[in-house]
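The next block holds one structure in the form of structure tokens; read it before the comments.
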Amino acid sequence: MATFSLRVTFLLVTLFFLPLTAQSAGCDCSEDDSSRNKTEARKLHIIAIVTILSASAVGCAIPALGRWFPAISPEKDYFFLIKAFAAGVILATGFIHILPDAFDKLTSPCLPESPWKDFPFAGFGAMVAALGTLMIDTVATGYFSRRHFKKAAAAVTDVDVEAEREHADHVHMHTHASHGHAHGASMLLNAASTSQLIRNRVISEVLELGIIVHSVIIGMSLGASESPSTIRPLVVALTFHQFFEGLGLGSCIAQAKFRLKSVVTMSIFFSLTTPAGIAIGIGIASSYNENGQTALIVEGLLNSASTGILVYMSLVDLLAEDFMNPRVQNNGKLQLLINIFLLLGAGLMSMLAKWA
């Protein structure tokens, strides 16, 4: 599943990169050249790549450390607090950081009145993406669950047939019935555990896709800028931004219990997305016009889609599932704490909107 995410994201980056290199004819909304300093901007770009890469990696790695530090493993109550904080961050990222930017770009005066001023494309794109995420979420979960249980049922049937042959002559009827009942109960528990594991894996894959799309976009915007006064606050804000998003993604990856190789692959790929976006932005800076019609439309639509994905994932797959978990419902103190951590995560990420 991790390789699927890599392929899809690479395709999205390619499709996103190509149209942004084209200038839009007939648009007089040009960039302000007065604050440009290419030499200073390149220094800041290098600093941005290093700091954002490091922050992303650390944020994504912290939940994964539960493999070696039991206190923060997904089986502990502390993990609910980490996930609530991370879900608040992701929710604020969608509503406070991405959606307003999508509206700004798709209602820019550089775009023609029709159709961009006649219809709220940013909100529509977010709605379509949220519905699409729901469909992908349910279809993927159902597909992998059915495939797993078909294999498991075939294996269990083979084992039971062999066991019946071996014990047919000397197993008492009552003992055999009791064994069958215990075996059935064990199978039900294993089925429930497996279903939840598959669900967690689908969640982590879809969430990674939504975060990565946004991470590449903000990286390209930073890399294409040659104004030091614009880049400096962005470096600080995006460092914290990517750290918190990494924390949220890392929490889902840890709960999905991927093999170590997949965990490392997904974490590295997430960590590289914004720096890669910065590098792409530097490469297209000479031909990139952030106020060009093509750039505005592509960025606006991708931002709106990313919003829908992140809002759906945070509310449905992260918050609703954990808040209704019996371990939370039966523990008043834990219930209070996860609400506090949720508000804390959403509040801190919202504050960053002042700078990025």
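Just a few scattered comments:
- Rounded accessible area of Val206 (nearest 10 Å², 1.4 Å probe): 20 Å²
- Span from the the range 194-236 Cα centroid across to the the range 267-320 one, whole angstrom: 6 Å
- Per-residue SASA remark: Glu113, around 130 Å² accessible (1.4 Å probe; ligands, DNA and RNA not included).
- Computed from the Cβ-Cβ distance with R0 of 25 Å, the FRET efficiency linking Leu134 to Ile268 stands at 0.30.
- Solvent exposure, largest accessible area first (probe 1.4 Å, DNA, RNA and ligands not counted), of Ile212, Ile49: Ile49, Ile212
- Label point distance in nm, Lys43-Asn325, each placed 7 Å from Cα along Cα→Cβ: 4.7 nm
- Across the protein chains, with a 1.4 Å probe defining accessible surface, the residues Trp116, Trp355 rank Trp355, Trp116 from largest area downward.
- Descending semi-axes in Å of the range 266-319, equivalent ellipsoid built from Cα gyration tensor: 27, 18, 5
- Taking each of Lys76/Lys261; Lys83/Lys261; Lys105/Lys257; Lys43/Lys261; Lys76/Lys105 in turn, the alpha-carbon distance tops 32 angstrom for Lys105/Lys257; Lys43/Lys261; Lys76/Lys105.
- Calculated FRET value between Lys150 and Val50, using beta carbons and R₀ = 35 Å, to 0.05: 0.15
- Loop sites in the range 55-90: chymotrypsin sites (Phe, Trp or Tyr not before Pro), DSSP, at most 14 other Cβ within 10 Å: Trp68
- Long-range Cα-Cα pairs in the range 289-355 (distance over 14 Å), rounded percent: 72 percent
- Zone of Leu260's modelled label, taken as backbone nitrogen in the range 53-96 under 14 Å from a point 7 Å along Cα→Cβ: 64-69
- Cut-off 10 Å between beta-carbons: net charge of the residues surrounding Phe144, Lys and Arg +1, Asp and Glu -1: +4
The values are calculated or read from the model by the stated rules, or taken from the named source; none is laboratory data. This one's a predicted model, so the numbers in the text were calculated from it and none came from an experiment. Positions of Cβ are backbone-derived with ideal geometry, glycine not excepted, and every protein chain shown enters the neighbour counts. Note: areas computed on protein heavy atoms with side chains; ligands, DNA, RNA excluded. Shrake-Rupley method; radii C 1.70, N 1.55, O 1.52, S 1.80 Å.
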